[in-house]
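The values are calculated or read from the model by the stated rules, or taken from the named source; none is laboratory data. Worth saying up front: this structure is predicted, and the values here are computed from it rather than measured. Heads up, the Cβs are rebuilt from the backbone with ideal geometry, glycines too, and the neighbour counts pull from every protein chain shown. Just the protein is used for accessible areas: all its heavy atoms, side chains included, with ligands, DNA and RNA removed. Shrake-Rupley method; radii C 1.70, N 1.55, O 1.52, S 1.80 Å.
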Amino acid sequence: MNNDEKSTSLSEHNQLTGVQLFSMTTSMVMTVYGFAAFAKQGPTALFFLFLAGILWFIPVTRSAGEMASVDGWSKGGIFTWGRHMLGERLGWSALFYQWIHITVGMCTMMYFIIGCLSITFNVPVINTNPLFKFIIMMVILWGLIFAQQRGTKITGKIAQWSFTIGVIIPVFLLLFLTITYLVKGNPMLIKINPHTILPSSWSGNVLVGFVPFILAFAGAEGSATHVKDLKKPSVYPKVMMALAICAIASDIIGTISIGATIPNAKIQLSTGIVYAYGALVQQFPWINVVFIERLIGLLLAIGIIGEISSWVVGPNAGMYEAAKEGYLPERFAKTNAYGVETNVMILQGVIVSIMAALLTFGAGGDKSNLSFQTAMSLTVALYTLMYMLMFVTYLVLVFKHDDLNRTFRAAKSKVMRVIMGVLGFVLSAFGFVVTFFPPAAYNMQQKHTYLTLLLTAFIIVFFIPFIMYLFHGNWTLHHHDKSGSDVHHPVH
């Protein structure tokens, strides 16, 4: 087989349909652990869903799709886009923030898993005692990292099944129960009208409620690199629009189901959705409420474990590519016998462990809500920082490099593309700023703890990529000496 035939065969092997791309992206974006945080906002959640799901999500996916379709930019994601438009330092920083955000996001996911398991096995102490909580987090984290060491084929299948079991089935069941609850004429604990949907005030303490909604739609840019793999690249915006609609519908179901059945003051961020199922099944006297709560807790825990397993593998691929180009010491540019980036995974695991200790013990006592909220806010702060860099990258591409060949454009009109870039940047900046306002419901001590934890962790993480870049020249030279070829690519 000649090179042309190999290239054609590889291209056919990697081709995707719109449905396949939708499925891949859905598994990255749609989740259930944010439902309780949405419900905590009451009817205002619908306003925030509109901001994040339409005005922010669409610019993210379309601008990312256009950048990924530029010739030579299909691999590396934000790392490739950023360094070509903004330079090596900022491109590397953007990749680092994208990679590091999930180390905090994993803490959020594990808090949710522990909350669910505390209900399933009726051991609330694991969700209230910081030491027990931390130990279980370490078992989950390092157990999943260990499971990845023989390759990702089997674990990928597990992730797919766990997504179906722990996300798809619970969401459809929640929809059925909620519809039945309302059809029977049961009262709703929240009132939905134009006055309640808009924020009660425009202060930072209220607008911080926007934070979990950004997180709910983050990550879709990761699938943009597959635009060139589509049989018909023109279906990409339709796929992303369908994803936005499904994600918003799913979030509305979760928000209303919890908010309508559980008093706001009693909503626990890491367990609220489980108790919502219990409240909804009370309309069926022949069903054991406790059994349903325990079953749902187990299903949701399985779903999020599968999601974490995907995140353990996904972002590390980009960091491994960066390591091969001298952005990390040489040891991180190696794989094990099964082609797994073991050293990068271990590095990620160590960082997650440190963050877990800081957030779990730093909150003190049994303040599970405070730990969960801080972890979620730090995740959004880091991710929106990456998105701001991404939208600046996109605007530079639109204004200065419109001549570069690409197979997809965010919009036919340059004006519309600029509007998308500006809108995406503004909402990302808005999400970033309000992250640092403590929730209005917190007392002074909680606000102080929240800000101390959040600012300390953010400042540390913010400077890490710039400090690491100081060693880039030495690491690049070392890679060059070892390999005999220069793997450092200039900015185009």
Mind listing just one residue for me: the one in the stretch 56-77 that is at pLDDT below 85 and more than 17 Å from Ile419 (Cβ to Cβ) and, of those, surrounded by the fewest Cβ atoms within 10 Å (Cβ to Cβ)? Gly72
How many residues does the stretch 284-324 hold that are free of Cβ contacts under 8 Å to residues at least 40 places away in the same chain, of a type in the set (Gly, Ala, Ser) and either open to solvent by less than 40 Å² (accessible area, probe 1.4 Å) or in contact with a Cys (Cβ under 8 Å, 6 or more places away or on another chain) (or both)? 1
Go through the residues of the stretch 416-432 one by one and say whether even a single one is open to solvent by 20 Å² or more (accessible area, probe 1.4 Å), closer than 23 Å to Leu95 by Cα, of a type outside the set (Asp, Glu) and not in a helix (DSSP H, G or I). no
Scan of the stretch 448-492 for residues that are modelled with pLDDT under 60, touching a helix residue (DSSP H, G or I) at 6+ places or on another chain (Cβ under 7 Å) and either surrounded by 12 or more Cβ atoms within 10 Å (Cβ to Cβ) or assigned to a loop (DSSP other than H, G, I, E, B) (or both), ordered by number: His479, Asp486, Val487, His488, Val491, His492
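Every residue, every condition in (1) outside any helix (DSSP H, G or I); (2) at pLDDT below 85; (3) touching a Pro at 6+ places or on another chain (Cβ under 9 Å); (4) more than 22 Å from Leu295 (Cα to Cα), yes or no:
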| position | (1), (2), (3), (4) |
| --- | --- |
| Ala147 | no, yes, no, yes |
| Ala159 | no, yes, no, no |
| Asn186 | yes, yes, no, yes |
| Ile192 | yes, no, yes, yes |
Kindly check whether there is at least one residue in the stretch 203-223 that is of a type outside the set (Val, Ile, Thr), under 25 Å from the mean Cα position of the chain (by Cα) and surrounded by fewer than 16 Cβ atoms within 10 Å (Cβ to Cβ). yes
